[in-house]
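A quick write-up on the structure given underneath.
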Amino acid sequence: MTDSHKIDFYYKIQYKVDIISDYGNAFGSGWYDANSNVSISVKSPNDVLFGKIFDGWEGSNVKLQENPSMIVIDSPKTIMARWSYDYTLFVFTLVIGASLIFFIKYRQKTKE
């Protein structure tokens, strides 16, 4: 460079967002511009007997219940999905199984 040049610098503030879930697939992690609105979500896992129920989001000054949810990016954030268990299908399977065993035993006794 032999001539003088004018150099302008432009920047924008961005923050890192980590969306974590012990189950299913979490969406929304990444780098975002400051003060932007971002959608976060989690897809529930397909468990056979012990279902998992999404129970809300928590972390980094965030406490939300909805899935998906919108957050404002005003700082770096780590947000975790909370889960609870649904035993309905497991209990239903136990009741049906016990009823079937009882019915088979009862029929065997009446045939004797």
- Query: Using a Gaussian network model of the chain with C-alpha springs under 10 Å, which one of V95, V38, V72 is most mobile by mean-square fluctuation?
  - Reply: V95
- Task: Please list, or write none, the lysines whose alpha carbon is within less than 25 Å of the alpha carbon of K43, excluding same-chain residues fewer than 8 places away.
- Result: K16, K52, K63, K77
- Note on the structure: A student asked for the Cα radius of gyration and Dmax of region 1-81 in angstrom ought to give 18.7, 74
- Message: Suppose a student asked you for the relative contact order of region 1-109, using Cα pairs under 8 Å spaced at least 6 residues apart; what percent would you report?
- Response: 26
- Enumerate the calculated ³J(HN,Hα) couplings along region 11-26 in order (Karplus 6.51 cos²θ - 1.76 cosθ + 1.60, θ = phi - 60°), each rounded to whole Hz, writing x wherever the residue is Gly or Pro. 8, 9, 7, 10, 10, 8, 10, 10, 10, 10, 9, 6, 9, x, 10, 9
- Message: Could you report the accessible area of W83 in Å², rounded to 10, computed with a 1.4 Å probe on the protein chains as they sit in the structure?
- Response: 40
- Would you kindly state how much longer the chain becomes between S29 and S99 on full extension, computed as 0.36 nm times their sequence separation minus their alpha carbon distance, in nm to one decimal? 20.5 nm
- 1.4 Å probe accessible area per residue over the chain, in Å²: 78
- Task: Wrap a convex hull around the Cα atoms of region 1-41, take a quarter of its surface area, and give that in square nanometres.
- Result: 4.9
- Note on the structure: Carbon plus sulfur, as percent of the 1.4 Å-probe accessible area of the chain, comes to 58
- Put a dot 7 Å past each Cα toward the Cβ at D8 and V62; how far apart are the dots in nm? 3.4
- Note on the structure: Karplus ³J(HN,Hα) for region 66-78 (6.51 cos²θ - 1.76 cosθ + 1.60, θ = phi - 60°; Hz, whole; x = Gly/Pro) runs 7, 9, x, 10, 10, 10, 9, 8, 10, 5, x, 9, 10
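The values are calculated or read from the model by the stated rules, or taken from the named source; none is laboratory data. All figures in this text were calculated on a predicted structure; none of them were measured in a lab. Note that each Cβ is placed from the backbone with ideal geometry, even for glycine, and that neighbours are counted across all protein chains shown. When the accessible area is computed, the model is the full protein with side chains, heavy atoms only, and any ligands, DNA or RNA have been set aside. Shrake-Rupley method; radii C 1.70, N 1.55, O 1.52, S 1.80 Å.
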